[in-house]
Amino acid sequence: MNVYDFDETIYDGESSIEFILAYVKQDPKIIRFFPAVAKIMLQYNRGKITFDDFSKKYAPTLAAYFAKNAVSLEVLVPAFWDKRMHKIKPFYKTLQKEDDVILTASPSFMMRDVCNRLGVKHLIATEFNLKTGVVESACFRENKINCFRAVFPDAEIDDFYTDSVNDSCLFPLAKRAFMVKGNKITQVK
């Protein structure tokens, strides 16, 4: 089994940020939430609050907004990927196997479509309840191990690919680990 981070690993870019920008084009009123979210993300990055604090305190406000004003994700997500499939790095198709896993911090509601298009059957991603706004499972940094083990309790990873040292916590689970920078792949384990 090969496991891949998605953004900047097999995808040339940060899909969640691109999705937010695409969403803003469809629904500009959401911009009013950006200052508060940016402040909270800065606090999170500095270790002043936990991800759960962010999720419980601010996500319900966003969810309430989405419930009243949201552009249909059933329309926006496929349209988003229609315009971005060319950003899948060419190396992925040469390495792709039937049992590949994409392990990403991006939300599953956004990632299911691209996984289907790629033929990837196993997606482990951040689980976000669109009705309540609560992040039910954050697939981020060290918690990626817990998310992976919840689905594959005893599995050993053959090859793990990432672009970030934040994912180095997964290296011990893999026989081999690779860092991806652009289209350059370097074995680090």
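The values are calculated or read from the model by the stated rules, or taken from the named source; none is laboratory data. These numbers come from a predicted model, not from an experiment. With ideal geometry, Cβ positions are generated from the backbone for all residues, glycine too; neighbour counts draw on all protein chains shown.
Looking at segment 106-117 only, could you name the residues that are under 15 Å from E14 (Cβ atoms) and either within 8 Å of the chain's Cα centre (by Cα) or free of Cβ contacts under 8 Å to residues at least 12 places away in the same chain (or both)?
Correct list: S106, P107, M111.
In segment 106-114 there is no residue that is touching a strand residue (DSSP E or B) at 6+ places or on another chain (Cβ under 8 Å), over 21 Å from Q26 (Cβ atoms) and among the aliphatic types (A, V, I, L, M).
Just checking, how many residues over segment 167-180 are under 12 Å from L103 (Cβ atoms) and not in a strand (DSSP E or B)?
Initially, segment 167-180 is screened for residues under 12 Å from L103 (Cβ atoms), giving 167, 169-170, 173-174.
From the residues that got through so far, the ones that are not in a strand (DSSP E or B) too are 167, 169-170, 173.
The number of residues fulfilling the criteria is 4.
Looking across segment 1-44 at every residue that is β-branched (V, I, T) and out of contact with any Leu (no Cβ under 9 Å at 6 or more places or on another chain), the one that is surrounded by the fewest Cβ atoms within 10 Å (Cβ to Cβ) is identified as I31.
Within segment 109-129, the set of residues being modelled with pLDDT under 95 and either closer than 20 Å to M1 by Cβ or in contact with a Pro (Cβ under 9 Å, 6 or more places away or on another chain) (or both) comprises T126, E127, F128. Inspection of segment 151-173 finds a residue satisfying the criterion of being among the hydroxyl-bearing types (S, T, Y), more than 21 Å from T50 (Cα to Cα) and in contact (Cβ under 8 Å) with a residue 40 or more places away in the chain.
Pairing each residue of segment 62-90 that is part of a helix (DSSP H, G or I) with any residue that is among the hydroxyl-bearing types (S, T, Y) and at pLDDT 80 or above, provided the two are 6+ apart or on different chains, yields C-beta distances under 8 Å for L76/Y23; K87/Y11. In the set (1) over 19 Å from V77 (Cα atoms); (2) part of a loop (DSSP other than H, G, I, E, B), N146 fails one condition alone, (2). Under the condition of being among the hydroxyl-bearing types (S, T, Y) and under 17 Å from K93 (Cα atoms), the residues counted in segment 146-189 number 2.
Pick out the one residue from L103, L95 that is under 20 Å from the mean Cα position of the chain (by Cα), at pLDDT 95 or above, in the same structural domain as V151 (by TED's automatic domain parsing) and surrounded by 12 or more Cβ atoms within 10 Å (Cβ to Cβ).
On the way: L95 fails: under 20 Å from the mean Cα position of the chain (by Cα).
None of the other options fit; the residue is L103.
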